[in-house]
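Enquirer: This is the structure, below, for whatever I ask next.
The values are calculated or read from the model by the stated rules, or taken from the named source; none is laboratory data. None of these values were measured; they are calculated from a predicted model. Here the Cβ positions follow ideal geometry from the backbone for every residue, glycine too, while neighbour counts run over all protein chains shown. Calculation scope for accessible area: heavy atoms of the full protein, side chains included, ligands and nucleic acids excluded. Shrake-Rupley method; radii C 1.70, N 1.55, O 1.52, S 1.80 Å.
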Amino acid sequence: MADIKKVLDKMITQIKEKGADSGQVFVTESEDTEFNAEHGELSLLRTLFNQDINLIVYKDQKKGSYFSNKLDDASIDHAVSMAMTSMESCKQDEAYGIAPYQGEITANKGVYEPDTDLLFKRMKELLDDIKEHHPLIIVQEMIISHHRRHMVFANTNGTTCDEYTGFYTVSLGIAGHQGDITTSMNGCGFQLTNLDEPWTENEYIKRKIRYTEGQIAMKPMEQSFTGTMVLTPDCLAMFLYYIIGLVEGAAILEKTSIWLTKLQQQVADPNITIRLDPNDPNVLCGETITIDGFKSEGYDIIKEGNLVRFCINHYVAKKTGYEMRGNGAYNLMITPGEESINDIIKRIDHGILVDGFSGGQPPVNGDFSGVAKNSYLIENGKITEPVTEAMINGNLAAMLMELEGISSEVVKDGCNMIPYMAFRGILVSGK
């Protein structure tokens, strides 16, 4: 492997020698050890190596960039030359520029050296347990891996970052099968930094298996009603990303956001706080430095129902005058409630529990419409029958003001901490 610190130093030197006013460089090398299983049987073992350079330069308020996966001297020279050349066709923009000095940042997160024998053991334990105790479950795909990365960064303002990260990942895709019935695929994914506990005891996996087994008895939903939608943590994460899209860069820069004039105003129920924080203790290997070259810090988008910051990068912040985001990651930290999901469900007369959603990115007005996947009806305070062919319709902004409850239970997957949430006023339509 290359000495990526020497590569970084050479590139910063060449940026200056070739006449750029400023610039920044990321150099990364990574290694992935991966086990794959299909239909319950081991199908692949491989190790992947990657290295790359991500370079940005500025001169006369023009921007040039280049990406390369080669780190030899000739490739370094070529990368800087190509970045300078690409800058020539760029339009001038006063908002272009690198981050001010952030210091000399170092980070060592997670587990850099993997225990592949124990990783394989944990995989086999789970596959064997599902085969023995859950005969109606098909493991369509299981991917487990250890990912390690060494990343270095520098810009011409003197900021440096030297980061080592390492973690295990588990991705499980399952379906229920009995006779002629096969459910839609369900699954889960999470990160780990130790393998001390067998995955057969993982509550996240156990819940997914339980929901999927129950789906074998699914029936097409024929009724329609306006009621309460309960989102599982997995499905809620998807809706939260949709909500963040209302305040991201393009929506703010192009002035299409429905919340453009709502800063420091209430946009959600006071019990809702949405925070993005790669430094939270529940995040195992969070972002250390942003792609803009700023030291990563957690920040609230919505705090106790009030919109407090847009999710915009350095460039958009300079173009618009709004405060920039604190990081470029999507580590969702949602403040949990004080009651159990079972107690929330007991209050619901008519509703639907949704564990998956297929509907695409909502338009700029926040309207959403799609198919509720892996879902169950809620009637008179109880989860009843599994349903298929159910459509859900609503509006993201309106939904946040119609909160029924937030669970005390949360899923911590190594990247996020997310509870269940229930929202009133959702149109649920059958065939």
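Enquirer: LEU127 fails exactly one of the following numbered conditions: (1) in contact with a Gly (Cβ under 8 Å, 6 or more places away or on another chain); (2) under 30 Å from GLY326 (Cβ atoms); (3) open to solvent by less than 40 Å² (accessible area, probe 1.4 Å). What is the number of that condition?
Expert: Just one mismatch for LEU127, condition (2).
Enquirer: Right, something else. Kindly indicate whether SER75 is of a type in the set (Gly, Ala, Ser) and at pLDDT below 95.
Expert: Yes.
Enquirer: I need the full set of residues from the range 130-140 which are in a helix (DSSP H, G or I) and surrounded by 15 or more Cβ atoms within 10 Å (Cβ to Cβ), in order please.
Expert: Of everything in the range 130-140, just one residue is in a helix (DSSP H, G or I) and surrounded by 15 or more Cβ atoms within 10 Å (Cβ to Cβ), namely ILE130.
Enquirer: If you don't mind, another one. Within the range 142-160, work out how many residues are part of a strand (DSSP E or B), out of contact with any helix residue (DSSP H, G or I) (no Cβ under 6 Å at 6 or more places or on another chain) and among the small types (Gly, Ala, Ser).
Expert: Number satisfying all stated conditions: 1.
Enquirer: Additional query: Among (1) buried (at least 18 other Cβ atoms within 10 Å of the Cβ); (2) within 16 Å of the chain's Cα centre (by Cα), where does ASN282 come up short?
Expert: (1)
Enquirer: Mind listing whichever residues of the range 380-399 are touching a strand residue (DSSP E or B) at 6+ places or on another chain (Cβ under 8 Å) and surrounded by 16 or more Cβ atoms within 10 Å (Cβ to Cβ)?
Expert: ILE383, PRO386, VAL387, THR388, ALA390, MET391, ILE392, GLY394, ASN395, LEU396, MET399
Enquirer: All but one of (1) surrounded by 22 or more Cβ atoms within 10 Å (Cβ to Cβ); (2) within 19 Å of the chain's Cα centre (by Cα); (3) closer than 17 Å to VAL411 by Cβ hold for MET238; state the number of the condition that does not hold.
Expert: (1)
Enquirer: Still on this structure, I have one more. Is it fair to say PHE26 is open to solvent by less than 30 Å² (accessible area, probe 1.4 Å), assigned to a strand (DSSP E or B) and closer than 30 Å to GLU197 by Cβ?
Expert: The answer is no for PHE26.
Enquirer: Still on this model: Condition check: over 18 Å from the mean Cα position of the chain (by Cα) and modelled with pLDDT of 95 or more. Does GLU385 satisfy that?
Expert: No: the conditions fail for GLU385.
Enquirer: Right, here's the next one. State which residue is most open to solvent (accessible area, probe 1.4 Å) when the search covers only the range 329-354 and only residues that are within 30 Å of ASN313 (Cα to Cα) and of a type outside the set (A, V, I, L, M, F, W, C).
Expert: My answer is TYR330.
Enquirer: Determine whether TYR322 is over 20 Å from the mean Cα position of the chain (by Cα), within 20 Å of PHE153 (Cα to Cα) and touching a residue at least 40 places away in the same chain (Cβ under 8 Å).
Expert: No: the conditions fail for TYR322.
Enquirer: Give me the residue from the range 285-319 that is of a type in the set (Asp, Glu) and closer than 25 Å to ASN157 by Cα and, out of that set, most open to solvent (accessible area, probe 1.4 Å).
Expert: Of everything passing the filter in the range 285-319, GLU297 is most open to solvent (accessible area, probe 1.4 Å).
Enquirer: What number of residues within the range 409-429 are charged (D, E, K, R) and either open to solvent by less than 50 Å² (accessible area, probe 1.4 Å) or touching a His at 6+ places or on another chain (Cβ under 6 Å) (or both)?
Expert: Total meeting the criteria: 1.
Enquirer: Another question about this same structure. Within the range 161-188, work out how many residues are in a strand (DSSP E or B) and open to solvent by less than 60 Å² (accessible area, probe 1.4 Å).
Expert: 18
Enquirer: Could you grab me the full set of residues in the range 82-121 that are acidic (Asp, Glu) and more than 28 Å from the chain's Cα centre (by Cα)?
Expert: Once the filter is applied, which keeps residues that are acidic (Asp, Glu) and more than 28 Å from the chain's Cα centre (by Cα), the range 82-121 yields GLU88, ASP93, GLU94, ASP117.
Enquirer: Give me a count of the residues in the range 190-225 that are among the charged types (D, E, K, R), over 20 Å from ILE143 (Cβ atoms) and not in a loop (DSSP other than H, G, I, E, B).
Expert: So the count comes out to 5.
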